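Here's the structure we're looking at; comments come further down.
The values are calculated or read from the model by the stated rules, or taken from the named source; none is laboratory data. All values reported here derive from a predicted model rather than from experimental measurement. Note that we place each Cβ from the backbone using ideal geometry, even for glycine, and neighbour counts take in every protein chain shown. Ligands, DNA and RNA are stripped out before the accessible areas are found, and what is left, the full protein with its side chains, is counted by its heavy atoms. Shrake-Rupley method; radii C 1.70, N 1.55, O 1.52, S 1.80 Å.
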Amino acid sequence: MATVVIPFASAPRAQNPNLRKGGGSSADVYLDAALVAFSSLRRWNPDLELVLATDHEVGQSRLSQLAGIGVQHRLIAFDHAPPAGFAPTFLGSLFLLDVVSVMEASTLIIIDPDVVCVGPLAPLLEAVPDDSVGVLPIEYAPDKPVNGLSALDAAVIHAQLGEERSTPCHFGGEAYVIPQRVVAEVRHGVSVAWADSLSRHERRELHFRTEEHVMNFALRRVKVTDVSPYVRRIWTAHGHRSVRGDERGLSLWHLPAEKERGFRSLRTALTMEDSWFWEAERDRFVDVVGRKCGLWGRSLPRLCIDLVAHTVRHFAKLLERPAQIPPAIQRRHTS
């Protein structure tokens with residue numbers, strides 16, 4: 001049986017730049033989002049094993065809510081907790097490495113808390129062979145730093161660790177599908193990458209900083225399968241949108257900007273047994289979730305905020321550009 005795990009380790013709110021300024025604790029935000037994620041998974045996948053993995057107790061009330069939809073809670077030591085100064089953001093993401101290292105399942109599916117399931121995962125599972133890891137490629141320019149490390153930087157480290165000198169593909173950390181057959185090889189790669197990261201940090205050298213960096217190395221010698229037909233990172237933030245219009249065909253939406261907005265609006269419905277969340281056909285379910293999470297049918301207030309933010313961002317970019325003297329004026333003053 002496939003097991004879906006959401007890892008969560010507590011970290012200060014300032015550690016996550018995707019959270020709004022102010023507001024409640026990061027733990028509350030992420031665990032509330034995880035309840036929505038697990039509920040949506042259960043809605044469309046009644047037979048999947050669901051596990052919340054944390055490095056700390058999360059409270060009986062929350063556990064009762066999760067148990068009500070068949071979610072198990074597992075305490076796992078945060079052995080990959082980084083030392084002071086290791087990275088400025090996303091330190092809690094490294095807890096995923098502990099989940100990879102200790103969890104056993106016929107197929108382990110690891111997702112972020114801010115992922116909503118909008119359909120059965122059977123097509124995703126069928127697409128990933130048992131000798132391959134399902135990954136989500138994210139297209140970044142090779143020289144673009146991603147959490148402090150570009151693909152070109154990573155290529156240097158990979159080569160020093162014995163890999164072929166080539167620019168690695170960047171895989172997003174929001175979804176991994178790891179069959180039991182290849183888990184030992186992935187764990188070996190994680191061990192090598194983590195030891196190297198700690199050593200480089202001690203020497204104050206550029207190093208892997210997040211779970212994505214470590215996993216990108218760990219998967220260099222493992223066959224991978226692109227799961228982007230089923231999973232996508234979808235930005236719905238003010239002025240930063242990546243909605244394409246074909247999201248209905250996916251199974252999992254990763255919505256980084258909706259933890260404190262769209263996910264919050266879904267929580268009431270999932271607590272009611274006869275609500276649309278549990279009773280609606282898939283088309284209506286996707287329609288409502290998409291509307292509440294800002295993919296389409298945005299309310300007038302939200303649309304206005306998005307348009308203003310987009311305009312501000314556009315003019316900010318214009319102001320960053322160096323002034324260009326019109327060619328006619330240049331000729332007048334240089335002739």
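For the reader, a short list of remarks on this structure follows.
- For the stretch 30-131, relative contact order (Cα pairs under 8 Å, six or more residues apart, normalised by length) works out to 39 percent.
- Take the stretch 62-216 with all the other protein chains still there, run a 1.4 Å probe, and you get 41 Å² of accessible area per residue.
- Cut-off 13 Å between beta-carbons: net charge of the residues surrounding residue 58, Lys and Arg +1, Asp and Glu -1: -2
- Averaging Cα coordinates gives a centre for the stretch 160-232 and one for the stretch 75-112; these two points are 13 Å apart.
- Inter-label distance for residue 160 and residue 267, nm, one decimal - labels placed 7 Å from Cα along Cα-to-Cβ: 4.4
- With each label modelled as a point 7 angstrom along the Cα→C-beta vector, the residue 138-residue 67 pair spans 3.6 nm.
- In the stretch 123-252, Cα pairs under 8 Å separated by at least six residues give a relative contact order of 32 percent.
- Cα gyration tensor, the stretch 178-261 - rounded (a/c under 1.5), prolate or oblate: oblate
- Expressed as a whole percent, the accessible area of the stretch 112-262 that falls on carbon and sulfur atoms is 49 (1.4 Å probe).
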